[in-house]
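The values are calculated or read from the model by the stated rules, or taken from the named source; none is laboratory data. The structure displayed is predicted, hence computed values, not measured ones. In this analysis, Cβ positions are derived from the backbone assuming ideal geometry, glycine residues included, and neighbour counts consider all displayed protein chains. We work out accessible area using only protein heavy atoms, side chains counted, and drop any ligands, DNA or RNA first. Shrake-Rupley method; radii C 1.70, N 1.55, O 1.52, S 1.80 Å.
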Amino acid sequence: KKGSYDHFMQKEIHEQPHSLTTTMRGRLKDGGILLGGLKEHLRTIRRSRRVVFIGCGTSYNAALAARPFVEELTGIPVTMEVASDLLDRQGPIYREDTAVFVSQSGETADTLLALDYALENGALCVGVTNTVGSTLSRRTHCGVHINAGCEIGVASTKAYTSQIVAMAMMALAIGSDQISTQARRDAIISGLSSLPRNVSEVLKLDVDMKELASSLVDSESLLVFGRGYNYATALEGALKVKEVALMHSEGMLAGEMKHGPLALVDENLPIIVIATRDACFSKQQSVIQQLLSRKGRLIVMCSKGDASAVCPNGSCRVIEVPEVADCLQPVINIIPLQLLAYHLTVLRGFDVDQPRNLAKSVTTQ
Ligand code: UD1
Ligand code: BG6
Ligand code: NA
């Protein structure tokens with residue numbers, strides 16, 4: 001089943017050009033988007049007062065990556081809920097809400113309990129899942145199967161990128177009645193078509209990421225700073241490193257840097273800064289300057305050709321990635337971090353596909 005790969009996580013990372021292709025198959029139609037599972041419900045969703053994203057772990061992070069473009073393309077306010085926290089607070093959910101449940105397995109206990117809660121409160125409940133016939137798929141009013149193919153590695157990789165792409169298609173479908181955003185939608189759809197090719201391109205960083213991993217193998221901690229479309233990338237990259245490589249890692253909102261994290265910066269702590277091209281680029285440039293002036297040990301992820309723009313004095317390590325439509329950039333940017341987490345795990349001698357204390361699907365509370 002693993003073919004020429006040593007581990008399922010490795011196979012699933014490298015499979016992403018294909019899994020993303022199957023996620024989009026039959027759904028990019030005549031320059032528009034066709035999601036059979038949502039078609040009949042688009043009008044109800046457009047009329048909702050709020051979209052509430054609900055999930056756990058990597059699935060929550062995928063929803064967080066989708067939040068900015070769902071807000072932009074639909075104009076509907078989006079709030080985020082970790083499933084257990086919604087239940088702990090018994091947070092308000094209304095009939096006018098569209099509650100979107102994101103779960104690879106469709107069987108995560110907290111997510112399903114949050115679904116029962118949202119159904120009781122009368123919200124329209126939409127599923128985004130990789131598992132046809134799962135409890136989530138059956139109990140939601142409607143939804144989208146992400147069709148990424150079976151994922152075996154406990155650390156989710158290909159499901160994450162397919163979830164983001166499925167939610168991008170969802171946002172495009174919901175927003176498709178708006179004339180003012182037609183050009184923007186066309187650009188994103190064209191970005192979707194070329195995404196598998198760009199994913200193949202970024203996978204060529206495998207050897208570089210193995211080398212980077214060997215330079216970090218003895219670190220105690222790794223910080224990841226992102227913002228905007230790539231705040232989720234920072235959280236998900238850090239989650240990969242902690243769950244498989246068993247290294248402390250935190251994803252942080254770069255805009256919060258001065259409100260605490262800056263105190264941690266010294267010449268030893270490795271920090272990854274995501275600074276690919278988008279509307280936040282100049283803000284990230286200034287974050288890099290501030291970290292360098294405190295002698296931070298920086299690894300900067302930037303768009304191809306931007307090495308000297310992000311690090312003029314050459315004192316940081318740079319990861320150059322292909323530039324795609326800004327809102328799809330999280331799909332590209334997570335891949336070097338998946339590769340880094342994978343190689344760190346192998347080098348540190350830990351179990352890649354079955355990390356200590358973790359389960360693929362947490363079906364009890
Ligand atoms: C469907 C078929 C697909 C076929 C395509 C052709 C299935 C599972 N899918 O895909 O094999 O190639 O038509 O037109 O038979 N749903 C939920 N909750 C979820 C996910 C999905 O209720 O979390 C519902 C959807 O609303 C829909 C059904 O399940 O009614 C199938 O969803 P999906 O597979 O995404 O639909 P299509 O892409 O149209
Ligand atoms: C578990 C897995 O904690 O459940 C994670 O180890 C996963 O990889 C999380 O992200 C949520 O799972 P699901 O199936 O609801 O997406
Ligand atoms: Na259903």
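Computed with every protein chain present, the accessible area of Y5 is close to 80 Å² [probe 1.4 Å].
What part of the accessible area of the chain, given as a whole %, is carbon or sulfur when the probe is 1.4 angstrom? Could the numbers behind the result be given before it?
Working: 7280 of 14710 Å².
That fraction is 49 percent.
For D177, the solvent-accessible surface with a 1.4 Å probe is about 90 Å², rounded to the nearest 10.
Counting pairs of alpha carbon atoms under 8 Å apart in space and at least six apart in sequence, what relative contact order in percent does the chain give?
20 percent
Neighbours of Q178, meaning other residues whose beta-carbon lies under 11 angstrom from its beta-carbon, give a summed charge of +1 when Lys and Arg score +1 and Asp and Glu score -1. In this structure the chain gives 40 Å² per residue of accessible area when probed at 1.4 Å with all protein chains present.
Does a label point 7 Å from the Cα of K360, set along Cα-to-beta-carbon, have any residues of segment 1-28 with amide nitrogen under 16 Å, and which are they? Within reach of a label on K360, which here means backbone N under 16 Å from a point 7 Å along Cα→Cβ, segment 1-28 contributes 1-3, 7-13. Whole Å is fine, so just give me how far the alpha carbon centre of segment 244-295 lies from that of segment 32-67. About 30 Å separates the Cα centre of segment 244-295 from the one of segment 32-67. Calculated FRET efficiency, R50 and E211, Cβ-Cβ r, R0 56 Å, to nearest 0.05? After rounding, the FRET efficiency stands at 0.80.
Indicate the gyration tensor shape class of segment 1-131 (rounded, prolate or oblate), computed on the Cα atoms with a ≥ b ≥ c the square roots of the eigenvalues: a/c under 1.5 is rounded; otherwise a/b larger than b/c is prolate and the rest oblate. Please list the in-between numbers first.
Numbers: a/c = 2.26, a/b = 1.35, b/c = 1.67.
Judged from the Cα gyration tensor, segment 1-131 comes out oblate (a/c at least 1.5, b/c at or above a/b).
Among the trypsin sites (Lys or Arg not before Pro) within segment 256-338, those in coil by DSSP and having at most 13 neighbouring Cβ atoms inside 10 Å are R294, K295, K304. Distance from the C-alpha centroid of segment 90-119 to that of segment 178-220: 30 Å, rounded to the whole angstrom.
Ignoring GluC sites (Glu not before Pro) that are buried or in helix or strand per DSSP, and keeping those with at most 16 other beta carbon atoms within 10 Å, what is the longest stretch of the chain between them? That would be 97-219.
For the residues D306, D6, D186, a 1.4 Å probe over the protein chains yields an accessible-area ranking, largest first, of D6, D186, D306.
The solvent-accessible area of V217, taken with every protein chain present and a 1.4 Å probe, is close to 30 Å². Mean separation of Cα pairs under 8 Å and 6+ residues apart, divided by the residue count of segment 254-351: what relative contact order is that in percent? Reported relative contact order: 23 percent.
Among the cysteines of the chain, C56, C125, C142, C150, C280, C302, C327 have no other cysteine beta carbon within less than 4.7 Å of their own.
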